[in-house]
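Single-structure report; data block below.
The values are calculated or read from the model by the stated rules, or taken from the named source; none is laboratory data. Remember, it's a predicted structure, so these values are computed and weren't measured experimentally. Cβ: placed from backbone, ideal geometry, glycine included. Neighbour counts: every protein chain shown. Quick note on the areas: whole protein, heavy atoms, side chains included, nothing else; ligands and nucleic acids left out. Shrake-Rupley method; radii C 1.70, N 1.55, O 1.52, S 1.80 Å.
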Amino acid sequence: MARPEKVRLGDLLVREKLITDEQLQSALEEQKRSGRRLGRVLIDSAVVTEEQIANALAGQFRAPFINLKTFNIDLKTVPLLSETQARRLRAMALEETPLGVRVGMADPTDLAAYDEIVRLVKQEVLIAVVTESALLATIDRVYRRTGEIDGLAQQLQAELSTGSSDFGADLGLSPGTEDAPVVKLLQTIFEDAIGARASDVHIEPQQSGLQIRLRIDGVLHAQTEADIKIATALALRLKLMAGLDISEKRLPQDGRFNIKVRDNRVDVRMSTMPTQYGESVVMRLLVNNTSLLSLERLGISHDMLVRIRSILANPHGMLLVTGPTGSGKTTTLYAALNELNTASRKIITVEDPIEYRLPGINQVQVHEKIGLTFDRVLRSTLRQDPDVLLIGEMRDKDTVETGLRAAMTGHLVLSTLHTNDAASTPIRLIDMGAPSYMVAMSLRMVLAQRLVRAVCDVCRVKYEPKPQEREWLASHLSDDIDVSQCVHGSGCNQCSGTGYVGRTGVYELLEMNQRLVKAANRGDAEEFALAAREQMLGHTLGRHAARLAITGKTTVEEAMNVSSQLAD
């Protein structure tokens, strides 16, 4: 491909009638004032979109526009540019073609960057235009740090093995030791985890060595293995960051800390556990992004969303979200709080630990060691005149009774409970010791949920369900089902070969009608179960999972896996 000609972006956009001369002059003045690039000024001021600029540039240079969100990048080609070079040049090697290497550039008008790419690649370069935001997101995801992590782990092991170095400095405990191997190693682990969309990092000493794994979309994946000798250094450094007792290795400890990974503020919730080969550390990564906390983005159907919002509009009553650990209950509750969070409402949360931080909400962290228990905090919160109360978990009789009583006395109460499905929840509250009349009067709705992995949009292919899978689908839907939209992922770079990207929710909803209230008031478990099944007929977790499978949102295998977790 011939070297691109110099072109002025502003003139191009005016010529394409995407902006006016007045808008260009205004943007040029802002560019001089702020020092930002012209394209960024125009995008930030909502004059044009990234896609409009990219398509205009693609037309000018007679180059294709590539949407990186759906493009299957050749991972063998990517290393032609290092991560540092890709970020600096705002470019990425995408694939090799018979005519040369196709390179995606966010700014093909940057001729100095083009010349350097040609020098680095040492092949014929074919330019493709990509948006900057998609390019940076793809760099975060594709440039995994496994090799760098292995190298830093070996460097830390070597320094700890010499015996002549300062152990405190190696751990980054001394002033001015930000470049200590353990600090750089942990930062790289976190950067790799965030880039891979991991929810948890597991650091586990084993007999054969130290194993580091990432939980991505609910499934654990090996990140790296290192020498067992560095396990203590990693655990001590992390305990220091979380403000834990670094001298205590015999007892479990919990803590939290905040880190910055590129442009993301990440809240890290940490747990340590003594094992036979050393301390195991598990860290939950919570990226501070309140835009994720929206009921519409959780996969709840429109009809169910209307029913949930009708309950949230009530000034009092209790709404429970149920499911196993890791099923997204807290995310659902905070999405509901996000809608309720207005200047006219006082909202208090009582949690252990606080998982999301929202402005305008009073959040209380339970601290059992100093006597700040759920029950004690709850009694105090009722004297703080709240309109809405979120209780992290209904964990014992006292918590249940206090929450139900609050719901009876003019408060809207949101909480979670570990039950298998929605229908068994009210009886579970009674079994925990709550008076049946309080359950009948206070409980308004139960939302049970699970999470299933979503099929990758890039490598999805049509799939013919096996006889056993067809039989399962028919048992939840009908014998006459259309399986033409059933898909699975063949594996690509976008999904790291798993066939899945992200997760979506599976839900069932139980509303307390008159018949259910009467059964709960009598404590009649058999009658309650019968009435609940009749109300939820055709709207169960299993049916919702099956519908996600036949509409191509998840695989039949994933839907069956969720269904297998439910009681018969």
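Okay, here's what the table says:
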item: Theoretical FRET efficiency, 1/(1+(r/R0)^6), r = Cβ-Cβ of residue 346 and residue 44, R0 35 Å, to 0.05; result: 0.50
item: At R0 = 56 Å, FRET efficiency that the Cβ-Cβ distance of residue 116 and residue 527 yields, to 0.05; result: 0.15
item: Rounded Å value of the spacing that divides the Cα centres of region 216-260 and region 413-479; result: 34 Å
item: Length added when fully stretched, residue 276-residue 259, from 0.36 nm per residue minus Cα-Cα; result: 3.1 nm
item: For region 340-488: rounded, prolate or oblate by the Cα gyration tensor [a/c cutoff 1.5]; result: prolate
item: Solitary cysteines of the chain, where the nearest other Cys Cβ is not under 4.7 Å; result: 486
item: For the chain, average projected area of the Cα convex hull in nm²; result: 32.6 nm²
item: Solvent-accessible area per residue for the chain (1.4 angstrom probe, square angstrom); result: 47 Å²
item: Dimensions (Å) - region 447-554, Cα atoms, principal axes, largest first; result: 56, 29, 16
item: Low-density loop cleavage sites - GluC sites (Glu not before Pro) in region 87-138, where at most 15 other Cβ are within 10 Å (DSSP); result: 124
item: Positive-end extreme of charge dipole, the chain - chosen from 162, 47, 61 (charges on Cβ); result: 47
item: 14 Å beta-carbon shell around residue 10, net charge (K/R +1, D/E -1); result: +1
item: Mean residue ellipticity (222 nm) of the chain, computed from DSSP H runs ≥ 4 via -39,500 (n - 2.57), nearest 500; result: -11500 deg cm²/dmol
item: Label-point gap, in nm, between residue 468 and residue 222 - each point 7 angstrom along Cα→Cβ; result: 2.7 nm
item: Segment residue 372-residue 17, extension gain: residue separation times 0.36 nm, minus the distance between their alpha carbons; result: 121.5 nm
item: Protein accessible area in the chain, 1.4 Å probe - carbon and sulfur %; result: 48 percent
item: Inter-probe distance in nm under a simple model that places probes 7 Å from Cα toward Cβ, at residue 384 and residue 294; result: 2.9 nm
item: Cβ-placed point charges (K, R +1; D, E -1), dipole of the chain about Cα centre in debye, nearest 20; result: 700 debye
item: 9 Å beta-carbon shell around residue 503, net charge (K/R +1, D/E -1); result: 0
item: Percentage of interatomic Cα-Cα distances in region 179-296 larger than 17 Å; result: 55 percent
